[in-house]
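The values are calculated or read from the model by the stated rules, or taken from the named source; none is laboratory data. Remember, predicted model here, so these are calculated numbers, not experimental data. As a convention, Cβ positions derive from the backbone with ideal geometry for all residues, glycine included, and neighbour counts pool all protein chains shown. For the accessible areas, the whole protein counts, side chains as well, though only heavy atoms, and no ligand, DNA or RNA atoms are used. Shrake-Rupley method; radii C 1.70, N 1.55, O 1.52, S 1.80 Å.
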Amino acid sequence: MNFDQFNLHPHLAEGIAAMGYTTPTPIQQQAIPPILDGSDVIACAQTGTGKTAAYLLPVLHHMLTRDLNHKFINTLIVAPTRELALQIDQQVEGLAYFAGVSSYAVYGGGDGSDFVRQKRALTEGADIIVATPGKLLSHLNLGYVKVQQLQHLILDEADKMLDMGFYDDIMRIIAHLPKNRQTLLFSATMPPKIRELTKRIMQKPAQINIAISKPAEGILQAAYLTYDRQKLPLIQSLLKDKPLKSVLVFAGKKTEVKAVAAALRKMGLKAADIQSDLAQEEREAVLRNFKNRSLQVLVATDVLSRGIDIEDIDLVINYDVPQNAEDYVHRIGRTARGENGTGVAITFINEKDQRRFNNIEQLIEKEVQKLPLPPQLGSSFEYNPNARVAAGGSRFGGNKQGGGKRKPQQGGKKGSNHGSGEGKPPRPPKNEG
Ligand code: AMP
């Protein structure tokens, strides 16, 4: 299953490819079609499931295929915290990069000049505003926010907003908005108060429930914070002289998969790799040898993480943090199979992957223990779950995208948004074709 099935606008297909997404997550599979059809949607899904793209893609598709009036705000996304608002804004940037759609994040905690910049975005019409409730309401109360032609309202992490006491603010915000709009509500849980809210603000909503994936209890999970250059020596030291029968290593890129397998073979381990360059028969042979234990270590890309049933794997190593949290659960689910299964899953986290790993910890509702590196590998860094991925970082696949198409780096200052502070927030460059 891939994204073609949704018939999204070609500019979005480019954005999806640039973000490195290949397969829609379950929430995307279920939510994109009804949102494209224009229905209101209530979706029960947690952070880490791909919920942001699940609403952004169809909403962006509407913008690209309907008459978009850049003078008005088209879409309002309300989220509980500044961190989440910024994270959503970053995903808009990535997915809408080729679409010529602008977005702006509005949240509290800044100084007077931030307020002036926010006011400018809200009056001169950024296409998408991502906002925290309190700050948005202060602007709405001043009467200049261009919401007259609003098409989409999205409430993200609605349960968290209610927990934080924003129910009344949300109702006041909605009182400022046109009634004829599409409303989407995403929430990890559905307490009665949310039900009440949906009855008041939504029309015949479609309902989607994504079962929360949880790793089996028997899996001992741990992680190392490592710079990329420390990863090979680390995996070598973890596997050296250990009586492990079956080890599965996952890495995102096939170049890494090959390099890791080669390094392990050099140490004398029986290791092989499986990735898309291998012919089907070769893959099957490798898999057979791993299953019958003549291979000790199998290094693979994510093709192997879903479905495949190999019993008794002692150790799963994530050489990098998987793209989405569901994949993490699938990857580590290769160990500790069966009712009383036990196993160990170890993840290597580099500086860029910290935020993504935090999404995983939120999804599995568990903090994974961070282990100190073996001393001979040198020192590492402190875990910072909110570390931002540098613009133009791994997401855009380095030289895969022409440099000319890459969005200019954000200003670095908090709330730098898409505006430089001078004039109206500039629209991202249009794709030259
Ligand atoms: P979210 O649940 O929206 O916070 O997304 C969690 C992470 O998954 C983000 O880093 C997204 O960029 C990533 N993501 C979303 N959809 C996909 C997909 N279809 N394939 C791979 N990664 C995805």
Tell me whether region 282-293 contains one or more residues that are under 19 Å from GLY343 (Cα atoms) and either under 29 Å from the mean Cα position of the chain (by Cα) or surrounded by 15 or more Cβ atoms within 10 Å (Cβ to Cβ) (or both). yes
Which ones in region 166-188 are touching a residue at least 60 places away in the same chain (Cβ under 8 Å), closer than 21 Å to ILE73 by Cα and not in a loop (DSSP other than H, G, I, E, B)? ILE170, ILE173, GLN182, THR183, LEU184, LEU185, PHE186
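Could you tell me whether region 64-72 includes any residue that is out of contact with any Ser or Thr (no Cβ under 9 Å at 6 or more places or on another chain), within 9 Å of the ligand (Cβ to nearest atom) and touching a residue at least 40 places away in the same chain (Cβ under 8 Å)?
Within region 64-72, not a single residue is out of contact with any Ser or Thr (no Cβ under 9 Å at 6 or more places or on another chain), within 9 Å of the ligand (Cβ to nearest atom) and touching a residue at least 40 places away in the same chain (Cβ under 8 Å).
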If the requirement is being farther than 21 Å from TYR383 by Cβ and either at pLDDT below 75 or hydroxyl-bearing (Ser, Thr, Tyr) (or both), which of these qualifies: GLY343, GLY338? GLY338
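So that you can scan it fast, the table gives a plain yes or no per residue for (1) in a loop (DSSP other than H, G, I, E, B); (2) modelled with pLDDT of 95 or more; (3) in contact with a Pro (Cβ under 6 Å, 6 or more places away or on another chain):
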position: MET190; (1), (2), (3): yes, no, no
position: GLU196; (1), (2), (3): no, no, no
position: ILE212; (1), (2), (3): yes, no, no
position: GLU217; (1), (2), (3): yes, no, no
position: LEU220; (1), (2), (3): no, no, no
position: ILE235; (1), (2), (3): no, yes, no
position: LYS245; (1), (2), (3): yes, no, no
position: VAL260; (1), (2), (3): no, yes, no
position: GLY268; (1), (2), (3): yes, no, no
Only one of (1) at pLDDT 85 or above; (2) open to solvent by 30 Å² or more (accessible area, probe 1.4 Å) does not apply to GLY307, and that is (1)
Quick one: what pairs do we get from region 12-36, first residue on the phi > 0 side of the Ramachandran plot and assigned by TED's automatic domain parsing to the domain that holds GLU93, second more than 10 Å from the ligand (Cβ to nearest atom) and at pLDDT below 95, C-beta under 6 Å, 6+ apart or different chains? none
Criterion violated by ARG395 - all others in (1) part of a helix (DSSP H, G or I); (2) at pLDDT below 50; (3) over 22 Å from the mean Cα position of the chain (by Cα) satisfied: (3)
Number of positions in region 328-383 that are within 16 Å of the ligand (Cβ to nearest atom) and either open to solvent by 50 Å² or more (accessible area, probe 1.4 Å) or more than 25 Å from the chain's Cα centre (by Cα) (or both): 5
(1) modelled with pLDDT of 85 or more; (2) touching a Ser or Thr at 6+ places or on another chain (Cβ under 8 Å); (3) away from the ligand (no atom under 16 Å from the Cβ); (4) not small (Gly, Ala, Ser) all hold for ARG288 apart from (2)
Just to be sure before I move on: is ALA85 within 22 Å of the chain's Cα centre (by Cα), crowded, with 20+ Cβ neighbours inside 10 Å, in a helix (DSSP H, G or I) and assigned by TED's automatic domain parsing to the domain that holds ALA17 in the structure I sent? yes
When region 134-165 is checked residue by residue, the ones that are in a loop (DSSP other than H, G, I, E, B), touching a strand residue (DSSP E or B) at 6+ places or on another chain (Cβ under 9 Å) and open to solvent by 40 Å² or more (accessible area, probe 1.4 Å) are GLN151
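Per-residue answers, yes or no, for (1) open to solvent by 10 Å² or more (accessible area, probe 1.4 Å); (2) outside any helix (DSSP H, G or I); (3) within 9 Å of the ligand (Cβ to nearest atom):
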{"position": "THR23", "(1), (2), (3)": "yes, yes, yes"}
{"position": "PRO33", "(1), (2), (3)": "yes, no, no"}
{"position": "GLN46", "(1), (2), (3)": "yes, yes, yes"}
{"position": "THR49", "(1), (2), (3)": "no, yes, yes"}
{"position": "PRO58", "(1), (2), (3)": "no, no, no"}
Which of the residues spanning region 1-56 are under 17 Å from ARG356 (Cβ atoms) and among the aromatic types (Phe, Trp, Tyr)? TYR21
Evaluate the following for SER103: is it within 18 Å of HIS152 (Cα to Cα) and either of a type in the set (Asp, Glu) or buried (at least 24 other Cβ atoms within 10 Å of the Cβ) (or both)? yes
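Restricting the search to region 78-108, which residues are small (Gly, Ala, Ser) and without any contact (Cβ under 8 Å) to a residue 60 or more places away in the chain?
To start, the set of residues in region 78-108 that are small (Gly, Ala, Ser) comprises 79, 85, 94, 96, 99-100, 102-103, 105, 108.
Result: ALA85, GLY108.
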For region 122-129, does any single residue satisfy the condition of being buried (at least 19 other Cβ atoms within 10 Å of the Cβ), small (Gly, Ala, Ser) and not in a helix (DSSP H, G or I)? yes
Tally the residues that are open to solvent by 50 Å² or more (accessible area, probe 1.4 Å) and among the β-branched types (Val, Ile, Thr), restricting the search to region 230-268. 1
